[in-house]
Structure formats: structure tokens, C-alpha cells
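Working notes, beginning with the structure itself.
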Amino acid sequence: MSSAEGWGPAILDWLLPDSWWLLLGLAMLLVVGAFVVAFVLLLYMISPLMSPKPLKLNGAHVVVTGGSSGIGKCIAMECYKQGAFITLVARDESKLVQAKKEVEKCAINDKQVVLCISVDVSKDYGQVESVIKQAQEKLGPVDMLVNCAGTSLSGKFEEMEVDCFKRLMEVNYLGSVYPTRAVVTTMKERRMGRIMFVSSQAGQIGLFGYTAYSPSKFALRGLAESLQMEMKPYNIYVTVAYPPDTDTPGFAEENKSKPLETRLISETSGVCQPEQVAKIVVKDAVQGNFNSSVGPDGYMLSALTCGMSPVTSITEGLQQILTMSLFRTIALFYLGSFDSIIRRCMIQREQSKGADKSE
């Protein structure tokens, strides 16, 4: 008998009696895999049943703070195109009148109305409550509130006036708290409503130069999460929009005093048009989505920073779980490039100072 003939039966005798556990393990893996696939498919099937019913804007009353320019005005125009009645709220009366004319051009029927109210939503809650009451008396209960009033200042932490921190928190945070507080009681009574907070990508990640601005936008996230937990039983859904740099008058004004480091970091992503942002955030608010992001960078940031924020559908939750590891890896490269930009600027500034002293 050859050596091959001798080894063959021996190998079979060794494998067959002792390999049953391998087969059992393989079978268990197949069962678990099949269960996971079936579970995921089931979630996709029932997800639409768990999502809120979309809000119909045709005939709805939409209040937009900060609606005289920029993203706020474009949101008002987008809602008007879908048949809504609009109340524009801002401080500057002349800008409000101009914005009203632009919004009215988007009408789809002759019954629609644009109401303008001049008030500073960050100063006196009693005054804000009064003007919201006036708007509801004229156009009916508020179906959707868009908190878009805000401002931005950038600069190095130690170089900014202390009052800037207070002012930005008043405008960007309290300027959203007051109008929201004025509409929630009626929304709860009616068991319906949408509330949108327009934050910023700087409200998801703290960046060089935004030590005053970012905290005021981060605060909106905490407000929105807490408020959503309170409002959800009443069929009221909260949306936080995180637009990127957008081509608005406010952005142009901010660029005049923006530190070099901040500007270089901002340039790593593009500048969006306000009309594009408005379409996306209005769609998300109507659907009742908690997070509203714009573009690939925005989607990645929303997935990375989702934390304990609510989800509108199980599909959204699964996407966040599956993409978290990849997006975190990409984010580390971004953070590394931001640190590199800041170091280069610091070295160049020190070299420039050294050259001036030598002269």
C-alpha cells in the first residue's frame, strides 16, 4: 500500500467524527445572518408606518423669523410656492417690505397672503408673544414656525468683546426660544405643528474663530432635543437644520472680519445657494425629520453627531449605525487638515513678526 493510500483514510477518520462542531457553527452563522437580513428588511418595510404624516403646506400658516433676507426669505418663498400663508418677522421694516414683494411673486393662487411684522425676537418675550398673537388672529393658527433669525461674528476668543458672547446667545438662542414659546400652546391644543430651528454646521463642530458663534448654535440642538421629547405625543415635530456656508448678505458681512484660519477652514467646503438650502430644509420640516443637512459634508456631520437625537424612521437610524465608523475615519483626516492650517498660519504670523522686528 502506498503512503498516499495510507494517509487518506486516516485523515477522513480524523475529520469526520470531530468536524460536526464546525458544521454546527457554520449553520448557526447562516441562521443568524438570515435573521439579521430578515430583520433589516422588516425594519425597512415598517419604517414608513412609524414616520409622521407629512404636513400639507397648501393653506397652512407659516411664520418665518429672520425672513427679510438670506435663508429665511428663501424658506418663505419656498413655502409660498407650495400654497402657504406667510408671516415674515424681522427688525428692518424696509427689508421686510422688499422681501414681501419677492415672496408674493411666488404665489400659486390669489388667496395667499404675506404678512410683515417688525420686531426684535431676542429682546422682549411679551412683545414677541403679542405679535405672534396678532399674526394668528389675521392668518389663523401657526402650522409651522421657522426660527431663522440669527447673526454671526467671528474672531479669536481673547480678541472678541465680552458683550459679543452675550449678544450672540440672545439673538441665536433666545431669538428662537421666544417665538417657539409663543406658538407651542396653540399647537398642543390642535395636536399638530412643525417647529424648525436653523442652526449651522458650526452648531455641529466647533471651529477656530467661532468661540462665540458655535455655542449659540449648539444650544439650539439641546433645546430641540428636549422640546421634541415633550412635543412628540402631541403630533408636533421639531427639525434642526444645519446649513453650510451659504451665499447670503449675512455671510458676506461675516467674511469682512473673519480670521484667516477660519476662512481657510471654511474654504475646504463649498458655498451653497440659499434657494438650494431652503428646498432641502422645508422638505425635511414638512416630513417631520429631526435632522436636516445639506450636501455630503452635512450628511456626514449629522451622522457623526447624531448621539441621542431622535430619528424619524428606523431607516435613518440604520444608516447612522452603518456609516458611523467610516465617517469617523474621514472626520479624523478633516481635523488633521484643520490643525495643519492653524499651525501654518501661526508659523507665518510669527515669522512675519520676526521679520518686522529685524527691520
Which of Ser176, Ser122, Ser337 moves most in a GNM of the chain, Cα contacts under 10 Å? Ser337
So what's the net charge close to Ser216: Lys and Arg +1, Asp and Glu -1, counting the other residues with Cβ under 12 Å from its Cβ? +3
Could you pull the Cα extents of segment 210-307 along its three principal axes, largest to smallest, in whole Å? 47, 27, 25
Simple spin-label estimate for Ser118 and Arg91 in nanometres, 7 Å along Cα-Cβ: 1.3
Mark the label point 7 Å from the Cα of Gln351 along Cα→Cβ and return the residues of segment 255-281 whose backbone N is within less than 19 Å of it. 260-262, 264-265
Do you know the relative contact order of segment 61-324, to the nearest whole percent, from alpha carbon pairs under 8 angstrom that are 6+ apart? 18
Using R₀ = 41 Å, calculate the FRET efficiency as 1/(1 + (r/R₀)^6) where r is the Cβ-Cβ separation of Lys111 and Gln273; round to 0.05. 0.90
Any idea how far the Cα center of segment 85-147 sits from the one of segment 172-222, in Å? 18
How tilted is helix 213-231 with respect to the longest principal axis of the chain? Cα atoms for both, answer in degrees (0 to 90, nearest 10). 80
Which three numbers, in whole Å and largest first, are the semi-axes of the equivalent ellipsoid of the chain derived from its Cα gyration tensor as √(5λ)? 48, 33, 16
Under 27 Å from Lys53, Cα to Cα: lysines that are on another chain or at least 8 residues apart: Lys73, Lys81, Lys111, Lys133, Lys138, Lys188, Lys232, Lys279, Lys283
Hey, got a sec? Which trypsin sites (Lys or Arg not before Pro) in segment 163-207 land in a DSSP loop and have at most 11 other Cβ atoms within 10 Å? Arg191
Return the calculated 222 nm mean residue ellipticity for the chain, to the nearest 500 deg cm²/dmol, obtained by summing -39500 (n - 2.57) across DSSP H runs with n ≥ 4 and dividing by the residue count. -19500 deg cm²/dmol
Low-density loop cleavage sites - GluC sites (Glu not before Pro) in segment 156-233, where at most 14 other Cβ are within 10 Å (DSSP): Glu161
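FYI, it's all coordinate maths here, none of it is from the lab. All of these numbers come straight from a predicted model, not from anything done at the bench. Positions of Cβ are generated from backbone atoms using ideal geometry, with glycine treated the same way; all protein chains shown enter the neighbour counts.
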